[in-house]
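Here is the structure we will look at.
The values are calculated or read from the model by the stated rules, or taken from the named source; none is laboratory data. All values derive from a computational prediction rather than experimental measurement. No Cβ is skipped: glycine too gets one built from the backbone with ideal geometry, and neighbour counts run over all protein chains shown.
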Amino acid sequence: MTRKQRRLLAVVAGLSLFGASVAMVLAAFSSDLVFFYSPSGLIARDIAPGHRIRIGGIVERHTVVREDDGKTVAFRITDGKTNIAVTYTGILPDLFREGQGVVAEGELLPDGIFAASTILAKHDAKYMPPEVAEELKKTGHWTEGSVPAGRPYVMPAAVR
Amino acid sequence: MPMLTRLANPARFMRASSTALPWLGALATGVIAVGLVWGLVFAPPDYQQGESVRIMFVHVPSAWMAMSAYLFIAVASGVALVWRHPLADIAAQAAAPVGAGFTAVCLASGSLWGRPMWGAWWVWDARLTSVLVLFFLYLGYIALVNAFDDRTRGARAGSLLALVGVVNLPIIKFSVDWWNTLHQPASVLRLGAPTIALSMLLPLLVMALGFMLLFGWLVLLRMRAALNERKAHALRLYGQLAAGEPRLPMAPPVADVAARAALR
Amino acid sequence: MLHVTHWLAMGGYAEYVWSAYGVAALVLGGLAVHSWRWHRASSDVLDRLQHRTGRDE
């Protein structure tokens, strides 16, 4: 083996080992690398009330209710299987909409309502001019918004 | 590949790059100008994001360049480590500040986009965090390369860091698929058709091409400058040797031999 | 004139859009100026040295 080949082998072997170990670490900590839980994931995890967490999903249609003070809003976050009632007082991000992705940060109250202190809107990764969106809706080619907010969260067996 | 090895000779590289330089510079400026006008004036607003979607035309191309530049540095570092080619080190070191710049633009423009749309300047989700790690990798690489008095040792340490850091690239790319993130998944570089209207995709691709040309121009400029400096350094050493002056205290004897070899 | 101010307003997102483009111009423009100056300065130094040592390549 020439010196060049030896160096090449050392670099390739070192990198593969390092890459494999990083992959294992990431797989092990996978559940902690998640930015939010889906409503189903939250129930499966049985989080104690008073714990600060984030939940994410779609703002369920026709559930958004604005209080008279103009700042408090109530709605439901759904992942298609389970939904959770959320209340929030404050300014909503511009992308907040019914049928769109959302992440709420806050705590679960004992009565099962999620009291959010921060609301983040999630974009559906679709970009188009307003006219095109109108046209799609008119011709019935509209697929509902909603590349769901990330993929539904699947609990790793270890945590379950 | 034969063309690459031909260009890998420093003297030949200097000649070829001096012809390419003005063309690349002019082309980069022209394409970016077209992309700017297209993106800021002619591209339509988004059905949900309104005019704020125009931030995409700097955010996305700079994100692509932040990752491509790192890949470029890693490949050059691998070549430098295995084949010990002097131009490979110079190329990697020339690209680092440029890549760091693109990463900074990506982070800043993303923050300015996230505030009105998501409702937050910054969140610690897997995508944003891994891009911040990329930025620190760039800074670490630059610091490491310059931390040694002996240039070859600095270059070797930097190359190792650059290669190790390459695991971060797939993490950035697939973070939005592997974990729940606030950042949305890919719209262009995905399996299946892009989820972005053509009237927005075209100016985006023009800007991406412009940023690529800009990267090429900047890297060539910096490589040439670094080569000029090394040659000047060798000439000075040669001048001192010829005049019978004692060697510079900092210069190891190897450098004198290298200096004579460079001038031969 | 009206549609220029309308365009500058960016549908209410002026500060975000123009700041993003401003940061990009500052960083990338700064890199371009730095690289250009470094290249010219290093060429000048090398030219002078080559002239003095009587070597032209």
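So is B:GLN93 crowded, with 19+ Cβ neighbours inside 10 Å and not in a helix (DSSP H, G or I) or not? Working first, answer last.
Details: crowded, with 19+ Cβ neighbours inside 10 Å: yes; not in a helix (DSSP H, G or I): no.
No.
Just wondering, is there one or more residues in the range B:221-230 that are modelled with pLDDT of 75 or more and of a type in the set (Asp, Glu)? Yes: one or more hits. Determine whether the range A:117-129 contains at least one residue that is away from every other protein chain (no Cβ under 11 Å) and either surrounded by fewer than 20 Cβ atoms within 10 Å (Cβ to Cβ) or in contact with a Ser or Thr (Cβ under 9 Å, 6 or more places away or on another chain) (or both). Checked against the condition, which is being away from every other protein chain (no Cβ under 11 Å) and either surrounded by fewer than 20 Cβ atoms within 10 Å (Cβ to Cβ) or in contact with a Ser or Thr (Cβ under 9 Å, 6 or more places away or on another chain) (or both), the range A:117-129 yields at least one hit. Just one residue in the set B:LEU209, B:LEU169, B:LEU182, B:LEU204 is farther than 30 Å from A:ALA10 by Cβ, within 14 Å of chain A (Cβ to nearest Cβ), within 21 Å of the chain's Cα centre (by Cα) and surrounded by 16 or more Cβ atoms within 10 Å (Cβ to Cβ); that residue is B:LEU204. The residues of the range B:74-113 that are closer than 30 Å to B:GLN48 by Cα and either in contact with an Asp or Glu (Cβ under 8 Å, 6 or more places away or on another chain) or in contact (Cβ under 8 Å) with a residue 24 or more places away in the chain (or both), listed by number, are B:PHE102, B:THR103, B:ALA104, B:VAL105, B:CYS106, B:LEU107, B:SER109, B:GLY110, B:LEU112, B:TRP113. Here is the figure for the range B:30-67: residues that are within 10 Å of another protein chain (Cβ to nearest Cβ), assigned to a helix (DSSP H, G or I) and without any contact (Cβ under 8 Å) to a residue 12 or more places away in the chain total 2.
Going through the range A:1-55 one residue at a time, which ones are assigned to a loop (DSSP other than H, G, I, E, B), among the small types (Gly, Ala, Ser) and at pLDDT 80 or above? The answer is A:SER38, and nothing else.
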